[in-house]
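Undergrad: First the structure, then my questions, so here it is.
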Amino acid sequence: MEDFNLIVAQQPQWIQIWLNILSFGAFLLPISLLIWRQSRVASIITLISSTLAAAGVIFIFNQLGYVRLMGLGHIIPWTPLAFYLWYQQARADMPEPPRWIIRFILLTITISLVFDYADVARYLLGERAAFTAPA
């Protein structure tokens, strides 16, 4: 994990800011959904999916290094989650505050998925070099 953090610290500033926003949207905001009965299951499913996504990214990093294929760690759990959250935010019985929180979470993971699908496609098309931090 130390190597991962070192490599991330060497990325452009916008990537570091984005990773903080992503962490907020994927891990912290879903906790707030526990407040409302109607959104508790969505909270738990989102937290489990985000934990699986993080574990998938770290697993790929540990196997292959900092490569574009790491996006697959997000794609597998978050693609079905995005459809689920879309359904949840549209529920008639969902109060407005959790509805807006779910929308922000959905927006955050959807932006991430756009990058992830592009990165995985680029990896499959041959961009397989791993980024490494300077010694």
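The values are calculated or read from the model by the stated rules, or taken from the named source; none is laboratory data. Treat the numbers as computed from the prediction; the structure is a model and nothing was measured. All Cβ positions, even for glycine, are placed from backbone atoms using ideal geometry, and neighbour counts span all protein chains on display.
Undergrad: If residue 64 passes every condition in (1) surrounded by 14 or more Cβ atoms within 10 Å (Cβ to Cβ); (2) modelled with pLDDT of 95 or more but one, which one does it miss?
TA: (2)
Undergrad: So which residues in the stretch 87-116 are over 18 Å from residue 22 (Cα atoms) and either of a type in the set (Val, Ile, Thr) or free of Cβ contacts under 8 Å to residues at least 40 places away in the same chain (or both)?
TA: Result: 87, 89, 90, 92, 96, 99.
Undergrad: Just a yes or no: is a residue in the stretch 112-125 at pLDDT 95 or above, outside any loop (DSSP other than H, G, I, E, B), closer than 26 Å to residue 44 by Cβ and more than 15 Å from the chain's Cα centre (by Cα)?
TA: No; the residues of the stretch 112-125 include none that is at pLDDT 95 or above, outside any loop (DSSP other than H, G, I, E, B), closer than 26 Å to residue 44 by Cβ and more than 15 Å from the chain's Cα centre (by Cα).
Undergrad: Does the stretch 1-41 hold any residues that are in contact with a helix residue (DSSP H, G or I) (Cβ under 8 Å, 6 or more places away or on another chain), more than 18 Å from residue 74 (Cβ to Cβ) and of a type in the set (A, V, I, L, M), and which are they?
TA: 9, 31, 33, 34, 35
Undergrad: Could you list, in sequence order, all residues of the stretch 42-54 that are aliphatic (A, V, I, L, M) and either in contact (Cβ under 8 Å) with a residue 40 or more places away in the chain or over 21 Å from residue 75 (Cα atoms) (or both)?
TA: 42, the sole residue that qualifies.
Undergrad: Could you list, in sequence order, all residues of the stretch 86-133 that are touching a helix residue (DSSP H, G or I) at 6+ places or on another chain (Cβ under 9 Å), of a type in the set (Phe, Trp, Tyr) and farther than 15 Å from residue 71 by Cβ?
TA: Within the stretch 86-133, 86, 100, 104 meet the criteria.
Undergrad: Okay, moving on. What number goes with the only condition from (1) modelled with pLDDT of 95 or more; (2) of a type outside the set (Ser, Thr, Tyr); (3) touching a helix residue (DSSP H, G or I) at 6+ places or on another chain (Cβ under 8 Å); (4) exposed (fewer than 13 other Cβ atoms within 10 Å of the Cβ) that residue 83 does not pass?
TA: Unmet for residue 83, out of (1) modelled with pLDDT of 95 or more; (2) of a type outside the set (Ser, Thr, Tyr); (3) touching a helix residue (DSSP H, G or I) at 6+ places or on another chain (Cβ under 8 Å); (4) exposed (fewer than 13 other Cβ atoms within 10 Å of the Cβ): (3).
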